[in-house]
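To start, the structure under review is shown below, and the notes come after it.
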Amino acid sequence: MAEQMRILIASDGSECADDAIESLRSAGLPTKIEALVMSVADVILPPAIKEEDKFPPYEPEGVRRAHRLAEQKLRKAEEIAKRASQQIRKMFPEWRVSHEAVANSPAWALIRKADEWKPDIVVMGARGHSVFGGRLILGSVSQRVLYQVRCSVRLAREPRRGADSVTRLLIGVDHSQD
């Protein structure tokens with residue numbers, strides 16, 4: 001029995017992320033896929049203060065406010081991941097799709113998940129994706145993920161619209177065995 005391909009799909013709910021998901025339709029992927037949709041709340045959750053460590057014996061309003069804000073952002077990330085996973089299930093009903101939301105720096109959370117889960121490919125949208133002076137310019141999250149993960153990365157951006165639209169594919173090769 002052939003091993004199932006694993007895909008880690010990053011979604012922040014943006015149009016760019018939706019375009020990355022939509023681009024999977026034409027990616028020529030196999031039918032046996034295990035996909036994990038991940039959304040990251042860009043917050044660092046401050047640790048809770050234990051009762052015995054509180055001095056004075058109350059939690060400062062700033063800490064409570066930070067926790068509330070982080071929890072709201074994490075709930076929003078959970079909604080985004082769930083919505084994206086439902087979209088993928090409709091597109092590819094034979095895929096096994098799950099979702100996850102975490103609070104962290106988006107790039108580092110995706111890199112850590114890729115290290116742990118070992119996907120065959122990471123799929124994400126790329127903001128700020130352009131060519132300037134012959135150099136490919138990426139957004140900070142997509143660039144960090146592209147440089148740091150130990151698997152293939154599929155970066156998608158909004159497709160060009162109009163009569164002269166052309167599908168472009170950039171393939172990077174470093175002459176390694178992989």
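The numbers here are math on the coordinates, done by the rules we state, and not lab data. Not measured: the values here are computed from a predicted model. Ideal geometry is used to build each Cβ from the backbone, glycine not excepted, and the neighbour counts take in all protein chains shown.
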Exposure-ranked with fewest Cβ neighbours within 10 Å first, 111, 80 stand as 111, 80
Work through the residues other than residue 5 whose Cβ is under 9 Å from its Cβ and net out their charges, Lys, Arg +1 and Asp, Glu -1.
-1
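Work out the FRET efficiency for residue 152 and residue 72 from their Cβ-Cβ distance, taking R0 = 35 Å, and round it to the nearest 0.05.
Plugging the Cβ-Cβ distance into 1/(1 + (r/R0)^6) gives 0.55.
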Place a point 7 Å from Cα of residue 92 in the direction of its Cβ. Which residues in segment 1-26 have their backbone N less than 13 Å from it?
4-10, 20-26
Checked against a 21 Å limit on the C-alpha separation, the offending pairs among 76/113; 73/118; 32/76; 32/73 are 73/118; 32/76; 32/73
So, with points 7 Å from each Cα along the Cβ direction, the residue 25-residue 176 label distance in nm works out to 3.4
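If you rank 16, 151 by fewest surrounding Cβ atoms within 10 Å, what's the result? Provide the component values of the computation, followed by the final result.
Working: 16 21, 151 16.
Ranked by crowding around the Cβ, least crowded first: 151, 16.
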